[in-house]
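Worksheet for the structure shown next.
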Amino acid sequence: MADTEDTNIANLLHEARTFAPPADLAANANAKADIYDRDPDEFWATEANSRLSWFTPYTTLREGEAPHWKWFTGGKINACYNCVDRHVENGLGDKVAYFWEGEPADDKRRITYADLQREVVRAANGFKSVGIERGSHVAVYMGMIPELPVTMLALARIGAAFTVVFGGFSPDSLAGRINDMQCTHVVTQDGSWRRGKVFDLKGNTDTAIESCPSVVTNIVVKRTGNDVVWHDGRDIWWHDMVDGKSEDAASCPCAPMDSEDLLFVMYSSGTTGKPKGVMHTTAGYLLGTSTTHYYVFDIKPETVYWCAADIGWITGHSYIVFGPLVNATTSIMYEGTPDFPDKDRWWDIIERYQATVLYTAPTTVRTHMKWGPEYAQRHDLSSLKILGSVGEPINPEAWIWYRDNIGGGKTPVVDTWWQTENGMILITPLPGVSELKPGAALRPFPGIVAEVVDEQGQVIPPGAGAGYLTITSPWPSMLRSLYGDDQRYQDVYWSKFPGRYLSGDGARVDADGDFWLMGRIDDVMNVSGHRLSTIEIESALVDHQEVAEAAVTSKPDPITGRAVVAYVTLKGGVDGDAAKAKELRDHVAKVIGPIAKPAHIVFTPELPKTRSGKIMRRLLKDVAENKTLGDTTTLADPTVVEEIQRRAALVV
Ligand code: WTA
């Protein structure tokens, strides 16, 4: 099979211990062992009937055939109603929906479900007053402030579709998404807090909108109070928009949407330069996220749950906003970084709110490992019952550190595998059932069928090695297509092995039938749990006027999982230096966003190419990883690699 990103195989061999569920957790768990015996259709139908509230019941559980299915057809439903209104109607109005914690330490809000409803209704009425209506497309470019989930819910309430663009993305990236979806409105804020500094969201939005003719109105939340340039007639302050608007639910009823109406589009890096607009629809997405949230995190009425992701990524959509709110959960939402004002900020938050669940990414766990356990030791973390991991393979060392130092040596660590396209967790332990193996995501969630296949699409039996991870039957919260490009949807996910969803990840199933994820097998890299496209970064580099050619790959990194390595040839045979490397990094940050900056840049007079002129990225990866080189016989000029190896040794 193709090469994987795997960095952990060597590690995996070192940790043979397994961990049974704590007895009290197992005895009262939402999921018992027999959940795996359920028939997928029966399982999803039962969940759909009990977990969601329908304005009109659906008539068909699922229709269509690969790769286009519709779920819950005939049903009428509203995401906001399921997340907010019905809980207030059911007497949960006083329950806390979010303990919101701003980055400035004294900035806190306790938002009950009744508060959330009032804010959402006011925002929805405000949105209507500026021309947003059912079917509108709205781009949202914000930080982690309460107005962000309020915006998503208010748009869902009136039936407008949105795309949330991570606040760290550049104006170019924002503009690309706005134009792809032809958004008429943008919601942003003056600035967001990041380690005590202001990140200029409004300025970035202004730059983006210059190349977005579809945008008529830009709604701006005042958060940081920095100076902003104002465009009269186009910009409107959020507080002016909602001023005097009714907060009475009856003034703006939840629109009865079709199950398959578009809820949002989330853009994600693919193997080409253009990000993919992953489409999620209403009923199936709500069901998949809330059902997995309930069972994987064993949600109880008293749970205090914290998913420490950013809402600008799919993890935040599914597990800070929609999944938890459907389940009427009390969540923590935090605006800032883990080290502001000090490196114990997270543990302070957990202690103060008595959090019972923490869900984060391995890269963050490794960062805390690097800082040392003393920051966690300053706090009482004994409220924690379940720890979750997502975004990349978790190496057993980090898994054990997480359980021991954060989980007091007793909490299960659930390693959840899924993707933007999946909408929900697909492969995961269940904390009251599973015998945990550090580093393994273990089993497909009930209702999900996953198989690992070889190059020919033949299933690789348990214990017989690694291959392509595929999903063989549809699930409710799967992507429906790629926005504006259904052909690409079919090509990327369904063409290699007809009838199988191709995840792009490598995996193996061990002799016990447990799944181990091994990283990407395509041109996508996973850096700090974020997906980056090699081609997208190459294009950004070549976009610099002095760059002739660039090839991008990645290598293992102890903190970020993978680190981006760029090989760059400058025009006119010029050699690069540290200043030029910085300039190129800044250029990538400008074009894509700071997350895509190459960690290492190797200047080279030439890139290794085949005789037909194709860049041999595999060789560059071998160089980056300091491995023995693979086959070099097809190279046009074998001395090129030697030169690159010599130069790479100087840089890394
Ligand atoms: C990787 C994030 C191993 C994987 C929810 C996938 C993981 C990509 C895990 C999706 C995990 C996510 N173990 N790898 N538990 N979780 N991945 O779309 O390579 O941002 O394809 O969704 O992250 O990243 P995305």
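Numbers below:
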read-out: Selected residue (only one of ASP348, ASP342 is surrounded by fewer than 24 Cβ atoms within 10 Å (Cβ to Cβ), part of a helix (DSSP H, G or I) and of a type in the set (Asp, Glu)); value: ASP348
read-out: From the options GLY519, GLY576, GLY593, GLY529, residue that is modelled with pLDDT of 90 or more and either within 16 Å of the ligand (Cβ to nearest atom) or under 30 Å from THR428 (Cα atoms) (or both); value: GLY593
read-out: Filter result for LEU358 (in a strand (DSSP E or B), of a type outside the set (S, T, N, Q) and within 25 Å of SER477 (Cβ to Cβ)); value: yes
read-out: Helices (runs of 4 or more DSSP H) enclosed by region 160-257 - at least 3 residues per element that are of a type in the set (Gly, Ala, Ser); value: 171-181
read-out: Breaking point among (1) among the basic types (Lys, Arg); (2) within 32 Å of the chain's Cα centre (by Cα); (3) closer than 20 Å to ALA156 by Cα, for LYS222; value: (3)
read-out: Counted residues, region 103-160 - those being basic (Lys, Arg) and within 30 Å of ASP339 (Cα to Cα); value: 3
read-out: Residues (at pLDDT below 85 and farther than 20 Å from ARG562 by Cα) located in region 596-619; value: LYS609, THR610, ARG611, SER612, GLY613, LYS614, ILE615
read-out: Test result for THR217, in contact with a His (Cβ under 8 Å, 6 or more places away or on another chain) and either of a type in the set (S, T, N, Q) or closer than 16 Å to GLY312 by Cα (or both); value: yes
read-out: Checking THR428 against (1) surrounded by 24 or more Cβ atoms within 10 Å (Cβ to Cβ); (2) more than 21 Å from ILE314 (Cβ to Cβ), the condition it does not meet; value: (2)
read-out: Only one of GLU397, GLU392 that is within 12 Å of the ligand (Cβ to nearest atom) and modelled with pLDDT under 95; value: GLU392
read-out: Any pair with Cβ under 9 angstrom, 6 or more apart, that starts in region 123-138 at a residue that is among the β-branched types (Val, Ile, Thr) and ends at one that is assigned to a loop (DSSP other than H, G, I, E, B) and open to solvent by less than 20 Å² (accessible area, probe 1.4 Å); value: ILE132/ALA160; VAL138/ILE132; VAL138/ALA160; VAL138/CYS183
read-out: Positions within region 279-314 being β-branched (Val, Ile, Thr) and either more than 19 Å from LEU148 (Cβ to Cβ) or open to solvent by 10 Å² or more (accessible area, probe 1.4 Å) (or both), in sequence order; value: THR281, THR282, THR291, THR292, VAL296, ILE299, THR303, VAL304, ILE314
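The values are calculated or read from the model by the stated rules, or taken from the named source; none is laboratory data. Keep in mind that this is a model prediction, so the values were computed, not measured. Note that we place each Cβ from the backbone using ideal geometry, even for glycine, and neighbour counts take in every protein chain shown. Ligands, DNA and RNA are excluded from the accessible area calculation, which covers all protein heavy atoms including side chains. Shrake-Rupley method; radii C 1.70, N 1.55, O 1.52, S 1.80 Å.
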